[in-house]
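S.K.: Please read through the structure below; I'll follow up with questions.
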Amino acid sequence: MSNFLTLPILLPMFIGTILIFFAKKHKLQRVIAGFSALSLLGVAIYLGYIVYTDPSQIITLEIGDWPAPFGIVLVADMFATMMVILSSIVGVVCLFFAFKTIHSDREKFYFYPFYFYLLTGVNGAFLTGDMFNLFVFFEVMLISSYVLIVHGGTGYQLRESFKYVVMNMVASAFFLVALAYLYATTGTLNMADLAERVQVLEQEGILNGIAILFLFVFGAKGALFPLYFWLPKSYYGPPAAISALFGGLLTKVGIYAIIRVFTLIFVHNTEFTHTIILILAGGTMFFGVLGAVSQFDFKRILSYHIISQVGYMVMGLGVYTPLALAGAIYYIAHHIIVKSALFLFAGATQKITGTTELKKMGGLLKTHPWLGWLFFISAMSLAGIPPLSGFFSKFALILAAVQKESYYIVVVALVVGILTLFSMMKIFMYAFWGEPKISQDKVNRKEMFALLRPIIPLVVLTICLGFFAEPIFQYSLGVSEQILDPANYVNAVLGK
Amino acid sequence: MKNNISLHTVAQISVFIVLSFSFYLLFAGHNNPGGGFIGALMAASAIVLLYVSFDLKTIKNVLPLYYPYFIATGLLIAMGTGVSSTLFGYPFLTQFFQYTTLPILGEVELTTALMFDLGVFIVVIGIALLIITTIAEDDE
């Protein structure tokens with residue numbers, strides 16, 4: 001038992017609430033928000049440290065002192081704490097970028113409170129050990145995201161976020177239906193208890209049905225094929241700081257839930273469920289990257305890439321070996337960092353050129369070399385060029401798939417990798433090469449560095465993830481071995 | 001609607017009845033039907049009754065309330081209740097209760113869950129009235 005576990009959830013919630021009182025004083029808001037986001041990062045790293053050094057590497061808390069299968073438990077295992085750390089990193093970086101780019105009118109309309117409520121929902125979804133509680137935290141996160149995605153209220157945002165809201169409402173309704181089925185079948189919603197009961201329940205047909213229903217729900221929220229159509233347009237609307245936060249975090253919460261549920265609970269018939277997951281992964285990768293290839297807009301290309309890369313993570317789950325899952329986990333870490341960085345680069349270029357359309361840009365490498373080369377590093381990392389982090393994660397995934405002799409997915413993954421490189425080069429060529437097309441410099445050198453300052457840590461992180469691939473890969477292997485052995489989780493929660 | 005004295009009189013009286021019933025629901029909750037959420041909806045409906053029978057501006061002068069602060073205050077109370085148990089080394093949100101005898105009321109159950117419910121009560125009043133007044137002000 002450790003109450004420290006509640007801190008990554010309570011701290012952002014508390015700060016968000018405090019910020020409601022100071023909604024009209026944007027300087028004070030920034031100071032409070034900045035310091036508390038940094039302390040949240042500190043809390044997350046410390047939690048990761050105590051979980052890592054704990055003998056069982058899992059820490060649980062029975063909320064309200066209700067014993068485990070009946071009450072709600074919070075469970076911090078290595079996977080969950082890793083995700084909490086990543087979400088806090090992105091939370092800090094996007095917040096500091098928002099200080100520079102969000103208009104003060106938006107700040108006055110509760111931008112920061114909802115920003116922190118979003119982090120509350122995300123961290124809660126990672127740490128909870130109860131299916132219904134997962135639903136609740138998903139809703140906390142989604143309601144905040146509804147506000148943030150429409151924040152500012154331009155016509156485009158209103159139109160696209162309506163689709164986003166409808167899509168997520170439908171998915172949430174199905175989430176509830178799936179929970180009801182699950183509860184009716186097993187009589188529990190505690191994840192550890194579910195893990196035990198699903199294995200002994202000889203009801204394969206209905207459990208497969210429930211598993212697919214959950215896959216649908218999380219797939220809709222995590223933008224899996226064929227449910228990704230809402231993502232590119234809705235992520236295009238809001239300002240870069242919000243797009244970066246969403247692009248880095250939100251779909252990954254869906255992916256986290258898929259990985260959690262399909263390694264802990266629905267492992268009764270992996271032949272069936274995980275093959276479907278693998279097929280979906282292939283479709284997601286391929287159609288996502290085709291979307292990216294066909295676009296000529298900085299932010300839209302990046303949005304389509306989210307989809308294709310979600311495919312890689314789910315591919316790791318579909319292959320379902322320790323190496324593949326380690327690759328998927330490494331990929332999640334890599335993706336969250338690089339994707340947020342790229343969206344912030346899109347925001348910075350938009351600030352300079354006033355547009356996100358690639359054909360109207362050009363020659364930024366001459367006028368803003370730092371921006372150009374830092375973008376180049378992140379773009380190459382996304383495409384998977386060694387020695388950056390994208391390479392090692394893709395390498396592990398493809399190696400695992402070859403070992404399992406699923407050659408089709410290997411071919412798809414390699415083709416998608418090439419197309420990713422192609423579309424990232426497209427951005428680089430159109431936006432950074434060629435003759436400068438903007439007549440005068442809107443952003444001077446000093447402002448430029450102020451914009452780049454929040455992004456640089458992310459670029460450094462992706463380089464580090466690449467150069468220290470060995471220890472980090474060992475860590476991901478540890479995580480994947482832990483989640484592939486549900487007995488650890490069950491014992492830690494139910495105290496057997 | 002200039003001469004609507006009967007509406008005003010009925011509204012003024014019934015608001016107090018509705019409000020006191022909403023507090024009854026708040027205190028009855030937890031072990032019996034009722035609770036912070038339903039009580040707050042009822043309290044909000046009482047205030048909406050005032051808004052409907054008089055008009056928005058009059059009530060704003062009489063009750064100069066800023067609803068977003070309600071939401072924040074309620075959340076802080078509810079969170080504070082949860083956190084208070086951690087100060088004594090119990091898990092987050094652990095609830096405690098005790099039966100005591102108070103003058104007039106007799107034996108009552110004092111519980112920390114009531115504080116949590118009070119937080120919910122304030123949040124829900126804030127949200128319900130914020131939504132309703134925002135929509136009402138929209139066409140101005």
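The values are calculated or read from the model by the stated rules, or taken from the named source; none is laboratory data. Please read all numbers here as calculations on a predicted model, not as lab measurements. Note: ideal-geometry Cβ built from the backbone for every residue, glycine included; neighbour counts use all protein chains shown.
S.K.: Yes or no: region A:91-113 includes at least one residue that is in a loop (DSSP other than H, G, I, E, B), within 14 Å of chain B (Cβ to nearest Cβ), out of contact with any Lys or Arg (no Cβ under 8 Å at 6 or more places or on another chain) and over 19 Å from residue A:141 (Cβ atoms).
M.R.: Checked against the condition, which is being in a loop (DSSP other than H, G, I, E, B), within 14 Å of chain B (Cβ to nearest Cβ), out of contact with any Lys or Arg (no Cβ under 8 Å at 6 or more places or on another chain) and over 19 Å from residue A:141 (Cβ atoms), region A:91-113 yields at least one hit.
S.K.: Could you pull out the residue among A:5, A:61 that is part of a strand (DSSP E or B), in contact with a strand residue (DSSP E or B) (Cβ under 9 Å, 6 or more places away or on another chain) and within 14 Å of chain B (Cβ to nearest Cβ)? It would help to see each step written out before you state the result.
M.R.: On the way: A:5 fails: part of a strand (DSSP E or B).
The match here is A:61.
S.K.: Here's something else I'd like to know. So which residues in region A:196-214 are buried (at least 22 other Cβ atoms within 10 Å of the Cβ) and either free of Cβ contacts under 8 Å to residues at least 60 places away in the same chain or under 16 Å from residue A:168 (Cβ atoms) (or both)?
M.R.: Within region A:196-214, A:210, A:214 meet the criteria.
S.K.: OK, next. What residue, of A:11, A:19, A:47, is free of Cβ contacts under 8 Å to residues at least 60 places away in the same chain, within 14 Å of another protein chain (Cβ to nearest Cβ) and buried (at least 20 other Cβ atoms within 10 Å of the Cβ)?
M.R.: Answer to the check: A:11.
S.K.: Right, another one. Which residue is farthest from residue A:127 (Cα to Cα), if the candidates are limited to region A:245-302 and must be surrounded by fewer than 21 Cβ atoms within 10 Å (Cβ to Cβ) and among the charged types (D, E, K, R)?
M.R.: A:297
S.K.: Among the numbered criteria (1) away from chain A (no Cβ under 14 Å); (2) in contact with a strand residue (DSSP E or B) (Cβ under 9 Å, 6 or more places away or on another chain); (3) of a type outside the set (Ser, Thr, Tyr), which single criterion is violated by residue B:30?
M.R.: Failing condition for residue B:30: (1).
S.K.: Identify all residues within region B:94-128 that are in contact with a Gly (Cβ under 6 Å, 6 or more places away or on another chain) and more than 14 Å from residue B:75 (Cα to Cα); write none if there are none.
M.R.: B:94
S.K.: When you go through (1) farther than 26 Å from residue A:350 by Cβ; (2) over 16 Å from the mean Cα position of the chain (by Cα); (3) assigned to a loop (DSSP other than H, G, I, E, B) one by one for residue A:279, which number turns out not to apply?
M.R.: Single failed check for residue A:279: (3).
S.K.: Mind checking which residues of region A:61-74 are β-branched (Val, Ile, Thr), touching a residue at least 60 places away in the same chain (Cβ under 8 Å) and surrounded by fewer than 24 Cβ atoms within 10 Å (Cβ to Cβ)?
M.R.: Result: A:72, single match.
S.K.: Check B:45, B:22 and return the single one that is under 15 Å from residue B:119 (Cα atoms), touching a helix residue (DSSP H, G or I) at 6+ places or on another chain (Cβ under 8 Å) and surrounded by 13 or more Cβ atoms within 10 Å (Cβ to Cβ).
M.R.: Values: B:45 fails: under 15 Å from residue B:119 (Cα atoms).
Result of the check over B:45, B:22: B:22.
S.K.: What single numbered condition from (1) over 23 Å from residue A:225 (Cβ atoms); (2) in a helix (DSSP H, G or I); (3) within 23 Å of the chain's Cα centre (by Cα) fails to hold for residue A:385?
M.R.: (2)
S.K.: Right, residue B:113: among the small types (Gly, Ala, Ser) and closer than 28 Å to residue A:24 by Cβ or not?
M.R.: No, not satisfied.
S.K.: For region A:201-218, which residues satisfy the criterion of being outside any loop (DSSP other than H, G, I, E, B) and at pLDDT below 90? Spell out the reasoning first.
M.R.: So in region A:201-218, the residues outside any loop (DSSP other than H, G, I, E, B) come out as A:204-218.
Hits for region A:201-218 are A:204, A:205.
S.K.: (1) touching a helix residue (DSSP H, G or I) at 6+ places or on another chain (Cβ under 8 Å); (2) modelled with pLDDT of 90 or more: which one isn't true of residue A:71, the others all being true?
M.R.: (2)
S.K.: When the residues of region A:22-31 are narrowed to those that are of a type in the set (A, V, I, L, M) and free of Cβ contacts under 8 Å to residues at least 40 places away in the same chain, which ends up nearest to the other protein chains (Cβ to nearest Cβ)?
M.R.: A:28
S.K.: Does residue A:246 satisfy being more than 21 Å from residue A:282 (Cα to Cα) and part of a helix (DSSP H, G or I)? Full working, then the answer.
M.R.: Working: more than 21 Å from residue A:282 (Cα to Cα): yes; part of a helix (DSSP H, G or I): yes.
Criteria met by residue A:246.
S.K.: Can you tell which of B:92, B:96 is closer than 26 Å to residue B:71 by Cα, surrounded by fewer than 21 Cβ atoms within 10 Å (Cβ to Cβ) and of a type in the set (Phe, Trp, Tyr)?
M.R.: B:96
S.K.: Output yes when any residue across region B:49-72 is within 14 Å of another protein chain (Cβ to nearest Cβ) and exposed (fewer than 15 other Cβ atoms within 10 Å of the Cβ), and no when none is.
M.R.: yes
S.K.: I want to confirm something. Restricting to region B:89-118 and keeping residues that are of a type in the set (Phe, Trp, Tyr) and in contact with a strand residue (DSSP E or B) (Cβ under 9 Å, 6 or more places away or on another chain), which single residue is farthest from the other protein chains (Cβ to nearest Cβ)?
M.R.: Out of the qualifying residues, it is B:99.
S.K.: If you don't mind, there's one more thing I want to ask. Among the residues of region A:20-30 satisfying the criterion of being within 21 Å of residue A:144 (Cα to Cα) and in a helix (DSSP H, G or I), which is modelled with the lowest pLDDT?
M.R.: A:26
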